[in-house]
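Below you'll find the structure, written out as structure tokens, and then a few comments.
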Amino acid sequence: MKEEGDIIGKITSAQYKEGFVTDVEQEFVPKGLNEDIIRTISRIKDEPEWLLEFRLDAFRKWQKMEKPSWGHLDLPPIDFQDIIYYAAPKKDSERPREIDPKLQETFDKLGIPLNERKVLAGVVAVDAVFDSVSVTTTFRKTLAEKGIIFCSFSEAVKEHPDLVRKYLATVVPSGDNFYAALNSAVFSDGSFCYIPRGVRCPMELSSYFRINARGTGQFERTLIVADEDSYVSYMEGCTAPMRDEQQLHAAVVEIIVEKGADVKYSTVQNWYPGDAEGRGGILNLVTKRGLCRGEGSHLSWTQVETGSAITWKYPSTILRGDNSSSEFYSVALTNNLQQADTGTKMVHVGRNTKSRIVSKGISAGKSQNSYRGLVAIGRDAAGARNYSQCDSLLIGPLCGAHTFPVIRNSCPSAVVEHEATTSKISEDQLFYCNQRGIPPEDAVGLIVGGYAREVLSRLPMEFAVEARKLLSVSLEGAVG
Amino acid sequence: MQDILLNIKGLHASAGEKEILKGVDLEIRRGEVHAIMGPNGAGKSTLSAVLSGKPDYAVTAGSVTFAGEDLLAMSPEQRSWAGLFLSFQYPVEIPGVTISAFMKAALAARRKAAGLGELSASEFITLMKEKMAFVGMDPSFSKRPVNVGFSGGEKKRAEIFQMAMLDPVLSILDETDSGLDVDALKVVADGVNAMRSPDKATIIITHYRKLLEYVRPDRVHVLKAGRIVCSGGEELADVIENEGFDKF
């Protein structure tokens, strides 16, 4: 019998079709990180004093912090003085309100229409972020009619300072962790979203993050507030050019879910993963956390992670309100030399809180893929329930899959279940597909799609189609 | 149209170091049903695996032409597109992939290879319904993951369903009858009989005569120790049934 490696193990680099660079004139702050740089960023963005203070305070905390090293990751040293912390396309001084046609073209090419007329009515509103600034946010007026605020974070600071100040850093404090502190000091743009009481957001909201400039880092900050009995489905996507150098993306996302509100947060992460030899790619070091503050509130995370050289990301929920609930559905795919350490934390504080974790790891090539999760149940969380399912799928003999689940239960009436499986795409499955006329690459796509189906089916329709394609494309070359 | 559909000449094949087929010669004409019988370890399943291109086997000598083309030069999927179908002895489970999605992918791939566009959703559904009814499969199976949790009989029925969907020129049934009760056996037989036509052929690989009572073969071959040691008409199956393989 031939070695499995002969058949499955032929690894070539996957096609990354978003790897182009937009040739646009940009303005930068000088390379490096110090209080002056932070003041400069704050000044460019014309921020109020309290926000500058918030940044400086975070920076001082960050300076005293150590880089976390507990991830199952071979993280290269990052020279934080060798990064440009702010890059923005120059505005045409005569037409400052118009979108540069080159940026328009860029987002068109990425399939993100910035022109509302081109979009089918009422489908998706987009906040498009290019390096450190938001280029535009579509459907703002339509949404405003319902009292929904959807704009860039920078605009929110100017137009809704009270709301921003009320909620900023209430879920992820500025000193939460090393990368969150860094983000709090230097964050540039991201999205702000407020759904008023009792309002059901009539369309999907989405943010699209694009890294373009060389030598820069992207530090997005997103804040979503769902007031009582409201509903919103929010999606984020992201891509970056192909480069030999690695680029840092350190985001913070905070979500506040009030009584009876329901938030669905979906991510399709497609940052440049680096080449087949592990050169380049995005270092995706991200803190995402939601607070189910009110009774009966609900937050659902769905993520499809196919990109980045390194992913360090644990979208988490604090279930404070009684009867609140949360889910984490994840597909994390790594190929070539990609590394992912991703999972979730479900912190049960309130009574009868429920959480469900479904994690599907897919490792191919020489990649390393880890699930890391914490289910913490507090003393007073009577009747709390968690169900976790962590599956790993291995493609080829050279990759690794790891699971680090932690359960801390301080409440006798809580019920916690954990299931885990590890499987391989077998030669027999591939041959069965081939015999029916399905070629090897399509067969792997089909099998992986089937494996990830439970998660993919949670995504909004337009995202699910893209995610399915992305899984296939990311595995291109994983089968010889 | 060429009369000889499959022509196997002096076929030697091995798995690893071990030679299993030691010079198989077999000619199958369009319109014929051939039965290949033989004891355990004779090389029956190896023959079906080699014909369908399973990567675990190496052909060390001989040739196989299929409709005049060099079969051994084709990849497994190309063989499938050319009209070769294997009903697996042990159908494989594919979790999360529904029968419907699986058949859609299979049909799309072969239509693409033939330069045809995809079937419309309604054409596909109509075809699925028709073929499921043909093998007496409950329509709910279309939403079930391929072979996952199927009973032995359900798996074999699903194989015959796939055969009907893909409408092959040459069907190879690798011990499709093993472990089936009489009702399931009839489903398989009805499927094969309904697909008999002057331009198609079937190879039935089996231990037992039972299936051959329902699907009457034109030729019966005895495969033993990697060679076809005896060929004859359907009466040969009776000889085997009564006297076993030892006499060959």
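Readers should treat all values here as calculations from the given coordinates under stated rules, not as data from a laboratory. The structure displayed is predicted, hence computed values, not measured ones. Glycine also receives a Cβ, built like all others from the backbone with ideal geometry; neighbour counts cover every protein chain displayed.
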If packing is taken as the mean number of other Cβ atoms within 10 Å per residue, what is the order of A:60-68, B:149-157, highest first? B:149-157, A:60-68
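Can you check what the net charge comes to around residue B:123, using other residues whose Cβ is under 13 Å from the Cβ of residue B:123 (Lys, Arg +1; Asp, Glu -1)?
Details: positive: B:104, B:111, B:129, B:131; negative: B:118, B:130.
Its environment carries a net charge of +2.
Shape of region A:232-307 from its Cα gyration tensor (a ≥ b ≥ c, root eigenvalues): rounded if a/c is under 1.5, otherwise prolate when a/b > b/c, or oblate? Please report the intermediate quantities before stating the final value.
Numbers: a/c = 4.15, a/b = 2.91, b/c = 1.43.
Since a/c reaches 1.5 and a/b is larger than b/c, the shape of region A:232-307 is classed as prolate.
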If you average the C-alpha positions of region A:234-310 and of region B:175-231 separately, how far apart do those two centres end up, in angstrom? 56
At 7 Å along the Cα-to-beta-carbon direction for both residue B:126 and residue A:214, put a label point, then send me their distance in nm to one decimal. 5.8
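How would you order A:326-337, B:215-226, B:231-242 from highest to lowest mean count of nearby Cβ atoms within 10 Å? Working shown, then result.
Working: A:326-337: 26.1, B:215-226: 20.0, B:231-242: 15.0.
Highest to lowest by the protection proxy: A:326-337, B:215-226, B:231-242.
Which order do B:183, B:56 fall in if you start with the one that has the fewest other Cβ atoms within 10 Å?
On the way: B:183 9, B:56 15.
The most exposed by this proxy come first: B:183, B:56.
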Ranked packing of A:99-107, A:192-200, most packed first, by mean Cβ within 10 Å: A:192-200, A:99-107
Given R₀ = 45 Å, FRET efficiency for residue A:146-residue A:39 by Cβ-Cβ distance, to 0.05? 0.75
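Which value, in Å³ per residue, describes the convex hull spanned by the Cα atoms of region A:139-262?
Working: hull volume 13.8 nm³, N = 124.
Taking the convex hull of the Cα positions in region A:139-262, it is 111 Å³ per residue.
Please report Rg over Rh for chain A, where both radii come from the alpha carbon positions and Rh follows the Kirkwood definition. Working shown, then result.
Numbers: Rg = 21.8 Å, Rh = 22.7 Å.
Over the Cα atoms of chain A, Rg/Rh equals 0.96.
For Cα pairs less than 8 Å apart in space and 6+ apart in sequence, what is the mean separation divided by the residue count of chain A, i.e. the relative contact order in percent?
Working: 1287 pairs, mean separation 61.2, N = 480.
Relative contact order for chain A comes out at 13 percent.
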Other chains' Cβ within 10 Å of B:69-76 residues: what's the mean? 2
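Once R0 is set to 30 Å, what does the formula 1/(1 + (r/R0)^6) return for the Cβ-Cβ distance between residue B:143 and residue B:196, expressed as a FRET efficiency to the nearest 0.05?
Numbers: r = 31 Å, r/R0 = 1.03.
Calculated transfer efficiency: 0.45.
Only helical DSSP H runs with n ≥ 4 go in: add -39500 (n - 2.57) per run for chain A, normalise by residue count and round the 222 nm mean residue ellipticity to 500 deg cm²/dmol.
Working: 12 runs with 106 residues, N = 480.
That calculation yields -6000 deg cm²/dmol at 222 nm.
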Tell me the GluC sites (Glu not before Pro) within region A:207-281 that lie in a loop according to DSSP and have at most 13 other beta-carbon atoms within 10 Å. A:245, A:277
By DSSP, what percent of the beta bridges with both residues in the protein assembly as shown are antiparallel, rounded to the nearest 5? 20
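Taking Cα atoms of chain B, Rg/Rh with Kirkwood Rh, to two decimals?
Values: Rg = 17.7 Å, Rh = 18.6 Å.
Computed over Cα atoms, the ratio is 0.96.
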Go through A:45/A:141; A:158/A:360; A:45/A:259; A:360/B:155; A:109/A:141; A:166/A:354 and tell me which ones have a Cα-Cα distance over 30 Å in this structure. A:158/A:360; A:45/A:259
Within 10 Å of each Cβ of B:88-98, how many other protein chain Cβ atoms are there on average? 6
Which three semi-axes in whole Å describe the equivalent ellipsoid of region B:144-248, each the square root of 5 times a Cα gyration tensor eigenvalue, listed largest first? 25, 16, 12
On a straight-distance basis, which aspartates and glutamates could pair with residue B:156 in a cross-link, Cα separation under 19 angstrom, same-chain partners fewer than 8 positions away excluded? A:428, B:93, B:130, B:138, B:167, B:174, B:175, B:177, B:181, B:183, B:190, B:213
